[in-house]
1. Out of the helices (runs of 4 or more DSSP H) lying entirely within region 374-426, which hold 1 or more residues that are of a type outside the set (A, V, I, L, M, F, W, C) and surrounded by fewer than 13 Cβ atoms within 10 Å (Cβ to Cβ)?
2. Of all residues in region 200-224 being of a type in the set (A, V, I, L, M) and under 25 Å from H286 (Cα atoms), which is modelled with the lowest pLDDT?
3. Starting from region 44-62, keep only residues that are surrounded by fewer than 17 Cβ atoms within 10 Å (Cβ to Cβ), then list their pairs with residues that are hydroxyl-bearing (S, T, Y) and part of a loop (DSSP other than H, G, I, E, B) whose Cβ atoms are within a distance under 7 Å, requiring at least 6 positions of separation or different chains.
4. Within region 278-299, which residues are more than 20 Å from the chain's Cα centre (by Cα) and in contact (Cβ under 8 Å) with a residue 24 or more places away in the chain?
5. Tell me, yes or no, whether region 281-303 has at least one residue that is surrounded by fewer than 17 Cβ atoms within 10 Å (Cβ to Cβ), under 21 Å from G381 (Cβ atoms) and in contact with a Lys or Arg (Cβ under 8 Å, 6 or more places away or on another chain).
6. Find the residue count for region 296-319, including only residues that are of a type in the set (A, V, I, L, M) and either more than 18 Å from R201 (Cβ to Cβ) or touching a His at 6+ places or on another chain (Cβ under 8 Å) (or both).
7. How about region 184-193: which of its residues are touching a residue at least 40 places away in the same chain (Cβ under 8 Å) and assigned to a loop (DSSP other than H, G, I, E, B)?
8. Please report, ordered by residue number, the strands (runs of 3 or more DSSP E) entirely within region 27-117 with at least 2 residues that are over 23 Å from the mean Cα position of the chain (by Cα) and not acidic (D, E).
Amino acid sequence: MTPGDTTVPTITGPLDLHREQSARVVEHLVTHGTATRSELVNATGLGRGTIAGLTARLLDAGVIRESGDAHGDGRSTPLALTGGDRVLVTARLSLDAAIATVSSLAGDEEARFSEPIVAAASATTSGAGATGAPPATGPIGLAGATRSGTDSTPEALTPLAVVLARAIARAERAAHRIADITVLVDGAVVGSPSVVVTDARFGAEPVDVLGGLRSLIPSLAEIERLLPLPMQVVPAAVAAASVELDALPGIADVLYLDGDTAVSAAALASGRPLLGAHGLGATFGHLPIVPGGLRCRCGQQGCLATVAAPDVVLERAGLAAFAAANGRAEAIDELVLRIAEAEDRARWSWLDAAHWIGRTLQIVVPTLDPAVVVIGGYWGGLVGDIQTALQGNRPTVGNGAISAIPAFSRAVGGPDAALVGARRQARERLIADPLLLVG
């Protein structure tokens, strides 16, 4: 396994030699809006001469502009990012709804759109739009939105397309140019062009998520043509893990686990995602860990997902009907409450899942050797059970010193961690090549 390639197209011309320094200047302007040259000196730690040269080149390239009248030597003239009005559009499927957000380059959320997954599916059965509106014929209306999406599109893509179309419309109404569109998924992203595999929402077979969205949003191809970088699909766990890494100063090697929407994981080595040679790195939920276990949808027998996926745990806890009536988010809250109250069936269901999560970690932890295992979602509140399951069968060499490795930590990013992380990663890709923000 090798760290994922997070590079972007290389700047050519006069900015090339000063790429890192230029990125520091642009980062500050993204975060603060405007700054004088003197303020940039203080904020970046670069010398006055360096800032003077960098800002001159960025001005010539059209990356930044003077936002006020020049005074004296120009050090007090406010500078602003030329493409500072661009926005980031991010979409994903959460527990019970599709969500899309519009945010500034700095990551400040400006709008959020949500479409209940079940409601969207039933609404489209009659052929109406998923929002109850008449079939759209405008530039970002949905095309072919039926109960199963299109003939080749999974049903779950329809509500995702609905909220993505709304977010794009919101950006266009506000006259904001879109700098990035990122779609988050629970499965692994493989191949070129990218397809998604082993995703609980879409099934085990490869799914062209972006192609499906293009078929549902007729104008998406034209919108993509104007993007500085291609639209991309990213594992939600990878995006969430980047947020958790920031909360662990001095730590660069992390294994992130989450069990809310699916059994998901991401591994970071030296701060970068371990995607592997084929994009299958950290496919935690599809390690065949249970001897003689059930056949998984992926075709293997005894995958962790067959004993620890949220739907499995809820069903064994007697909460399947509750989830169907109230949604999975409320059902998971009810599960956690019953576990805390030591209700037998809920506690048994969870402890069985925790046992197999721990057994899986017994394989993964020595292989990756992370400094910290970060546990997200509802698993985070039950991290002690997972830690106990792992440590119950650790090596005893060195008086059991290895048994305490790695450290365990509950995730702090909250339910929006993946969205926040995806926005941050999009901004970093753009800032790494400031010329992408021009035009």
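The values are calculated or read from the model by the stated rules, or taken from the named source; none is laboratory data. What you are looking at is a predicted structure, and each value in this text was computed from that prediction instead of being measured. Ideal geometry is used to build each Cβ from the backbone, glycine not excepted, and the neighbour counts take in all protein chains shown.
1. Counting at least 1 such residues, we get 383-391, 397-400.
2. A204
3. Sorted first by the residue in region 44-62, then by its partner, the pairs are G62/T82.
4. L287, I289, V290, C296, R297, C298, G299
5. Within region 281-303 (the criterion being surrounded by fewer than 17 Cβ atoms within 10 Å (Cβ to Cβ), under 21 Å from G381 (Cβ atoms) and in contact with a Lys or Arg (Cβ under 8 Å, 6 or more places away or on another chain)), the answer is no, since none of the residues qualifies.
6. 5
7. Passing the criteria: D186, G187, G191.
8. 64-66, 79-81
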